[in-house]
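Values in this text are rule-based calculations from the coordinates and carry no lab data. This structure is a prediction, so every number in the text was calculated from the model and none was measured. Positions of Cβ are backbone-derived with ideal geometry, glycine not excepted, and every protein chain shown enters the neighbour counts.
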Amino acid sequence: MINLDLDNCDRDADFIYDKGNKVREIYNNLVKRSGVKSNFSPNNKKYLLEYLNKIEDCRSILEIGVSHNRDERFTSTSAIFDTKKDSTIYIGVDIDNKSHLDNETKNIYTIQSDASNIPKVMKFAKTKGVETFDFIFIDGWHSINQCIIEFNGYGAFLSDKGIIGVHDTNYHPGPRWLVERSDTTMWNIAEHRGEEFADFGISFMWKK
Ligand SMILES: C[S@@+](CC[C@H](N)C(=O)[O-])C[C@H]1O[C@@H](n2cnc3c(N)ncnc32)[C@H](O)[C@@H]1O
């Protein structure tokens, strides 16, 4: 058993905090040196586009977790925007305000909300004429519960030809859970772990 050293706990907290900063500094330096520009790797982008392009006549896309990188060119959001047709309706949901991306001519609409508020997001989607999604990309809050809520909740609105993409399936608990625990009698699952430095993995699921 380890006794708590209550007299010195503030000092210990400072030490842990400093150590955390040191680890972050080392990671940031490694990332800088490796030339990695974002958590969304070129490999992730390659697979995202491959699966998105598999969907014949993709009419609607839902992205959970929108454009979150210093350089917005290196995100799943920009990959989707660069690939989708203007007629394909994009609904992006993020807990932060991403309305600077809205573009009616290109059918790009965002809603600021917790993604777990499915009725609110679906009500918004319906105002844009969307009842079901042909592509759903899960890349928001990575807890197990949040990912299950999103997968089940929005999965109910996946069209028969639809595909669900999940980012960060290598390490993050929620995304990993979806890949490992989904019912394989109901879902095809393709996992792409990637080989590059700082590749967090991407997976795709579609109905059997
Ligand atoms: C890892 S970033 C990924 C964003 C985007 N897919 C990209 O490639 O840049 C996760 C995003 O999820 C958002 N987020 C976190 N918790 C959320 C929640 N409960 N509901 C909706 N969005 C959430 C964050 O604000 C952030 O923009």
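Close amide H contacts of PHE137 (hydrogens built in the peptide plane, cut-off under 5 Å, sequence separation of 5 or more or a different chain): LEU62, GLU63, ILE64, GLY165.
For PHE135, the shell of other residues with beta-carbons less than 11 Å away shows a net charge of +2, using +1 for Lys and Arg and -1 for Asp and Glu.
Add +1 for every Lys or Arg and -1 for every Asp or Glu among the other residues with Cβ under 13 Å from the Cβ of THR88, and state the total. Working shown, then result.
Values: positive: ARG59, LYS84, LYS85, LYS106, LYS128; negative: GLU56, ASP57, GLU63, ASP82, ASP86, ASP134.
Combined, the nearby Lys, Arg, Asp and Glu give -1.
Legend: calculated FRET efficiency, SER99 to SER143, from the Cβ-Cβ distance at R0 = 22 Å, rounded to 0.05, equals 0.30. Phi angles of the stretch 105-119 translate, via the Karplus equation with coefficients 6.51, -1.76, 1.60 and θ = phi - 60°, into HN-Hα couplings of 4, 9, 6, 10, 10, 10, 10, 8, 6, 5, 5, 6, 7, 5, x Hz per residue; Gly and Pro are given as x. Segment GLU191..SER87, full-extension length gain: 34.5 nm, with 0.36 nm per residue of separation and the alpha-carbon distance subtracted.
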